[in-house]
Amino acid sequence: MRVKSRYIPALIACSILALISIFVALGLGVTGVSHQQLLSCLQRCDNQLHQTILFDIRLPRVIAGFLAGAGLAVAGALMQNVTRNPLADPYLFGIVAGAGLGATLATLLPPHWQVIGLPLSAFIGALFAVAMVVAVLTHNNWRRVEHLLLAGVAVSFLLSSITSFILYTGDAFSSNRVIFWLMGSLASADSDAIWVMLPVVLLAITVSLILSRQLDALLLSDESAKTLGVNVDALRLSVLILCALVCAIIVSFCGGIGFVGLMIPHVVRNLLAITSFKLIVFSALIGGSFLVWVDVLARTLLDGQEIPIGVITSALGSIFFLVLMRRMR
């Protein structure tokens, strides 16, 4: 009863935080549009410049940032639960590197093929990374933390090196554009990106919530989950494919954004939730709000220059990772 009474106010608070984050982020940027003007524009917008800035540039960017943060945080929570490893993360698992390689190869396609070819290639690359890591980890029953890290880092470096070679041998202008995009950016987010990202992220959250009881059983052990009727291998494979799909779609539109899937589930697990259902719900809300604020920092920290959001999340995530490693026994 006490847990339930704590859960509902926390859910309301996180929902309000998400709405406030989106509203405040819409009013922050290089071009000054006050929040009062924003409120007026939401009711009736007579200023064409304000309408273009708010609805054509900032709103798609903020929504895409929220969806990317929510998707990456949920993917991280799923990977940590399904591997029973607190250090599992799409970035450390090599999924982001695999999706980046697939997306980089897709940039070699003609422009009219890239609408479908970009997310599809990213998904295939992410699946390839998952297959390589799984091939290593199945021999130690997912329990060796160091094996997970080493396999993920090795796969990530291997796929990143192939990406770097492709960019090195490619056209200089196109390579620079792809490199900036791979560092993580919401600058190219538009309504088309949102209409692709939204159903995939919602699908991932919905499927995760449906599987939450099986994920809770898997946290005990494989044997305990099997005695409760859970098909462990099918569940683990399905969840990893789902994570690969979410990360691939996010990478194909927002580039590589690291460590969100590591940090947010840890914060949520320590502060609010233990069960998978609550972990997924709160990770989505807090992860989305987190990336909205990171994007605000990225486009306002330097005058007239945008910092790739992957740089900021990697800096924060690296410090978080070191602190986490120090606390682990």
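The values are calculated or read from the model by the stated rules, or taken from the named source; none is laboratory data. On a predicted model such as this, the values are computed, not experimentally measured, just so you know. Ideal geometry is used to build each Cβ from the backbone, glycine not excepted, and the neighbour counts take in all protein chains shown. With ligands, DNA and RNA removed, areas are computed over all heavy atoms of the protein, side chains included. Shrake-Rupley method; radii C 1.70, N 1.55, O 1.52, S 1.80 Å.
Numbers at a glance
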item	result
Listed residues G317, I274, F259: farthest to the positive end of the dipole of the stretch 258-329 (Cβ charges)	I274
Probe 1.4 Å, protein heavy atoms only - accessible area per residue of the stretch 215-329 in square angstrom	43 Å²
The chain: relative contact order in percent, alpha carbon pairs under 8 Å with at least 6 residues between	31 percent
Selected from P86, P60, P199 as most flexible by GNM, with the chain as the system and alpha-carbon contacts under 10 Å	P199
Ranked packing of 51-59, 106-114, 124-132, most packed first, by mean Cβ within 10 Å	124-132, 51-59, 106-114
Net dipole in debye of the chain [+1 Lys, Arg Cβ; -1 Asp, Glu Cβ; about Cα centre; nearest 20]	1140 debye
Cα-centred dipole magnitude for the stretch 221-298, charges only on beta-carbon of K, R (+1) and D, E (-1), debye, nearest 20	120 debye
Cα centroid separation, the stretch 158-225 to the stretch 52-105 (Å)	5 Å
Accessible surface of K278 - all protein chains present, 1.4 Å probe, nearest 10 Å²	50 Å²
Dipole of the chain, positive direction: furthest Cα of S221, V246, C41, with charges on the beta-carbon	S221
Residue with peak Gaussian network fluctuation, the chain [Cα springs, cutoff 10 Å], from A154, A99, A122	A154
Gaussian network model of the chain, Cα within-10 Å springs - most flexible of C243, C254, C14	C14
Mean Cβ neighbour count within 10 Å, used as a protection proxy, ranking 66-74, 308-316 highest first	66-74, 308-316
Fraction of accessible area attributable to carbon and sulfur, the chain (%, probe 1.4 Å)	69 percent
